[in-house]
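Taking it in order: structure first as structure tokens, then the write-up.
The values are calculated or read from the model by the stated rules, or taken from the named source; none is laboratory data. Predicted model, so just to flag it, every value in this text is computed and none were measured. All Cβ positions, even for glycine, are placed from backbone atoms using ideal geometry, and neighbour counts span all protein chains on display.
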């Protein structure tokens, strides 16, 4: 006799198992979940690649800012080198853009000094002072300090509230101290005058005035200076600090080597950018392209390259190819350093016009620096590109979550249905087995 329908009489309910559900769910996951996960992996790889390109663009920007007309401070064409002689003064400059080549001679005839006074010796700095007052005048302003009920230490604390004054109790012997008063700043304008009432700290004695305030007196390139500070900054930005009496000089030269170095750095950075973009957008048999939608990056690279092919100068008379800058068949930049060196030596102003330019006609470096800086601005090309990629990844995450939830719900329901079917089939199989036993008995009796 044949087996029953749906496996009745053959333990068919066993086939409705969790293992069967898992296999069905796995097959459906491969059809619906796996493609989404693959797209996520591909998109994340694209985003990682774009991050690397963005980093390389930032590196390229930092190089091009050296040729930017609007760079704050010093650009490649304002760099100078300096040699000094003598120890009477030191030289420094935060910005060399206004310092022209040449030499500067300095003679220091007097150093600026603070006013310094010392009191008579004091046996106990914690002792209560005699009642009285101490009047101190600095820069024409007088402050009076009452000593009633104060210790010397407490008076010193109060004196130091005065920004123009430095007060201290210095131990000058095994069991003695002096109350030292100094002007906070050097120069005659910070001189100290002291008056006492009801006190005798000795400040009015000539020997108490240990150092007299003085101005710095110097001659710089034949010009006399008389200043309260030992430091001064010339109009061109050169900072001079007087160290001792005597002579010093500085010789300043244009640093041509820095221009050549930075132009070569520009070529290196550009080539690294080109090779990185090509590796992610073109690829080869062993390393397929990671970025399939490369239109944005190709547009950026074309814009950058077109700037190197452009004409600059007030009359469009300058171009990069006139100064040893070329591109090979692979699109990489090459520098003829002998030709570039000759241009730096003989056509420095023209080369600067090419790269830096003017407010009315920006140069190659200025234009390219501004372009690169705008790429990751709020509405920049790279910002928009990265935002689109992030949105696509977010959409894929939503799709994955939705599809996963759908399959989980579907197979949870199927598991409940299988459980119900198993009960029904089992009951039917039991009934069938009872019927089969009766039929078998009747058959044997006959």
Of those in region 160-204 that are free of Cβ contacts under 8 Å to residues at least 24 places away in the same chain and not in a strand (DSSP E or B), the residue surrounded by the fewest Cβ atoms within 10 Å (Cβ to Cβ) is 174
Sort through 112, 163 and tell me the only one that's under 30 Å from residue 83 (Cβ atoms) and within 52 Å of the chain's Cα centre (by Cα).
112
Residues of region 327-349 satisfying the condition of being surrounded by 15 or more Cβ atoms within 10 Å (Cβ to Cβ) and in contact with a strand residue (DSSP E or B) (Cβ under 8 Å, 6 or more places away or on another chain):
327, 333, 335, 340
Report the residue count in region 138-152 for those that are loosely packed, with under 14 Cβ neighbours inside 10 Å, within 24 Å of residue 209 (Cβ to Cβ) and touching a strand residue (DSSP E or B) at 6+ places or on another chain (Cβ under 8 Å).
2
Would you say residue 228 is loosely packed, with under 15 Cβ neighbours inside 10 Å and under 23 Å from residue 191 (Cα atoms)?
no
Quick one: which of 311, 338 is more than 26 Å from residue 374 (Cβ to Cβ) and assigned by TED's automatic domain parsing to the domain that holds residue 68?
338
Read through the list (1) under 28 Å from residue 82 (Cα atoms); (2) surrounded by 14 or more Cβ atoms within 10 Å (Cβ to Cβ); (3) modelled with pLDDT under 95; (4) out of contact with any strand residue (DSSP E or B) (no Cβ under 9 Å at 6 or more places or on another chain), then give the number of the only condition that residue 294 fails.
(1)
Looking at this structure, is residue 281 in contact with a helix residue (DSSP H, G or I) (Cβ under 9 Å, 6 or more places away or on another chain) and farther than 27 Å from residue 76 by Cα?
yes
Is there any pair linking a residue in region 258-277 that is outside the structural domain of residue 291 (by TED's automatic domain parsing) and farther than 10 Å from residue 59 by Cβ to one that is modelled with pLDDT of 95 or more and in a helix (DSSP H, G or I), with Cβ under 6 Å and at least six apart or on different chains, and which?
none
Within the bounds of region 254-263, is there any residue that is in contact with a strand residue (DSSP E or B) (Cβ under 6 Å, 6 or more places away or on another chain) and at pLDDT 95 or above?
no
